[in-house]
Amino acid sequence: MEKPTQQREFKIGQRVHWAGDSQRIGTVKYVGPVEGYSGDWIGIDWDNRDGGKHDGSVNGVRYFIAQFPKSASFARPHNLSTGVSLLQALEIRYRTTSTKEEEDEMYVFSATNKRVNVQLLGKEKIQDILGRFEELPGASLSYLGVSSSGDPLQIRNTLPNLKELDLTGNLLSDWQDVDGICSGLPGLTGLNLTNNVMSHDVIAISHLKSLRILVLNNTTINWSQIEVLKDSLQVIEELHLMRNKLREITPTSSNIVKGFDSLRLLNLEDNHIADWGEILKLSQLKCLEQLQLNKNNIERIWYPSATDEPNKPFQNLHCLLIGGNKIQEASSIDALNSYPGLMDIRCSDNPVTDPSRGGLARFVLIARLAKVNILNGSEITPRERKESEIRYVRLVMSKVHQNLEEMKALHPRFTELKAFHGIEDERPSNGPTGPQKMSSGLIAITLKCVGPSIAEKPPLTKKLPATTTVGKLKTLCETFFKLKYIKPKFYLQEEGSPMPILLDDDMESLNDAGVCNQSTILIDE
């Protein structure tokens, strides 16, 4: 095993952590004297925006510019650590006496970036197994100050069977060190480098060829650097690039990303992508099944027109996560029907899908999305789809449209669904046979009190005209439940929806509010 060495030379751009606290990490921004103080000082810009005392200036003298107003401080060299090698960290992690809290942190990251504990078999057995490094299938060395690879041959001899390695929150920045680690671990299939600030000077490296899962969340990497790494990632199946402030997808040789022939999952969540045209550059990734785009700045979605490319765009994509964006128009939801294999969609937390902001209710989304069977993490049953589509058709029929073309533009599936479910046009209320019976327009609604002072009241089921306004129903409920001195609030409880929908427009009819036969309305106060 390598012996720890203590390095005391610092250079600009170097990653360091506070001696004794390997989770307090920063970047060296200044080395030298500080006016009014003796000796040399190291100026650090800490990753934690509130981890320092100033912004890089002291007593009116600016030494460097920090990321945030309170992220910078000066430290004496002996108070900082420049890190250890991989095998030194391994020794610290698995062969020193650990607390129960530390044992609970023995984990690797799964394919979905979730923590999975490593063989929790009892303290003595764990210590015995983890003490025999040659048997380790996975290791978590997060926040241990790893800054270099060390001798690749020694790594290979020490960890011959390692398949998964978690290096979250260390001091790695040079891609050559990553290459050195991988060269010593030829069987490595999963590598997590989250929260390591990697150098933008990416060289073509040759020892990533066995990696199937690579996690580069919050590493400041951009797509141009991914293109450099691409030839080394010959069997990559999952690539995670969260929180990298990505705005563009920049292929090197054309407007379309080529290669990545095994890539099934691409995670671009929590970036700054706004233009859907950037996403369309990924359309020829022939094995791509899952694309994660939550928490970006996307405003509009469309499907590409005819191209000269050999394959249909996104031919194998079946899962798309676009929650937490800025999508406002229903046409973007309709456009998802053009994606040939799309069956699983998350689109919550967009203006267009937020009923509290005038967005579409769940039943409308189900009706507009023809092939989807999982929406926002909840399975769509055949019964829910049928009821949603019928309800949607009746909702559209209740609206006034100037002409048929306008209706088709606003509701592309309306004609199809109306014919499929055999729904006839509504007859006028007065005709040759006289007025329709009131019962033909009645819907059965269950009213359930949930407010603290009224929750003991039993639920009621009432038949009311679908044209009844929300305000009128509130007045009726005051009589039904004898609600004195209580101003009721109504919420529509929908099957498959995690949260009930507030009905706050007293002038809106029950039909327009999405209330249909056998709906449940919750009455709060």
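The values are calculated or read from the model by the stated rules, or taken from the named source; none is laboratory data. Just so you know, these numbers come straight off a predicted model, no measurement behind them. Don't worry about glycine lacking a Cβ; one is built from the backbone with ideal geometry, like all the others, and counts go over all protein chains shown. Side chains included, ligands, DNA and RNA excluded: accessible areas come from the protein's heavy atoms. Shrake-Rupley method; radii C 1.70, N 1.55, O 1.52, S 1.80 Å.
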Fraction of antiparallel bridges per DSSP, the chain only, in percent to nearest 5: 55 percent
In the chain, taking the dipole from +1 charges on Lys and Arg beta carbons and -1 charges on Asp and Glu beta carbons about the Cα centre, the listed residue (His240, Leu80, Leu90) farthest towards the positive end is His240
What size of dipole, in debye to the nearest 20, comes out for the chain about its Cα centre when the only charges are +1 on Lys and Arg C-beta atoms and -1 on Asp and Glu C-beta atoms? 1240 debye
Using 0.36 nm per residue, how much length does the chain from Thr250 to Thr475 gain when fully extended, once their Cα-Cα distance is taken away? 75.1 nm
Putting +1 on Lys and Arg Cβ atoms and -1 on Asp and Glu Cβ atoms, find which of Gly471, Tyr485, Leu503 reaches farthest to the positive end of the dipole of the range 465-504. Tyr485
Rounded to the nearest Å, what's the spacing between the alpha carbon centres of the range 131-169 and the range 264-290? Just the number, please. 31 Å
Mean Cβ-within-10 Å packing, highest first, puts peptides 143-149, 466-472 in the order 143-149, 466-472
In this structure, among Lys53/Lys245; Lys312/Lys408; Lys230/Lys326, pairs with alpha-carbon gaps over 28 Å are Lys230/Lys326
Just for the Cα atoms in the range 221-304, what are the lengths along the principal axes, largest first, rounded to whole Å? 33, 27, 23
For Leu473, Leu153, give the ranking by accessible area with the largest first, probe 1.4 Å. Leu153, Leu473
Any idea of the accessible area per residue across the range 153-207, 1.4 Å probe, to the nearest Å²? 36 Å²
Total charge dipole magnitude, the range 218-288, about the Cα centre, Cβ charges on Lys, Arg, Asp, Glu only, Debye to nearest 20: 60 debye
Quick one: if the Förster radius is 30 Å, what FRET efficiency do Glu299 and Asn373 give, using the C-beta to C-beta distance and rounding to 0.05? 0.65
Near Lys281, within a Cβ-to-Cβ distance under 13 Å, what is the net charge of the other residues, with Lys and Arg +1 and Asp and Glu -1? -3
Show that you can apply the helix-only estimate: for the chain, add -39,500 (n - 2.57) for every DSSP H stretch of four or more residues, divide by all residues, and state [θ] at 222 nm to the nearest 500. -5500 deg cm²/dmol
If you put +1 on each Lys and Arg Cβ and -1 on each Asp and Glu Cβ, how big is the dipole of the range 331-416 around its Cα centre, in Debye rounded to 20? 200 debye
Percent relative contact order of the chain, based on C-alpha pairs within less than 8 angstrom and at least six residues apart? 6 percent
Which lysines have a Cα less than 21 Å from the Cα of Lys457, not counting those fewer than 8 places away in the same chain? Lys448, Lys472, Lys474, Lys482, Lys484, Lys487, Lys489
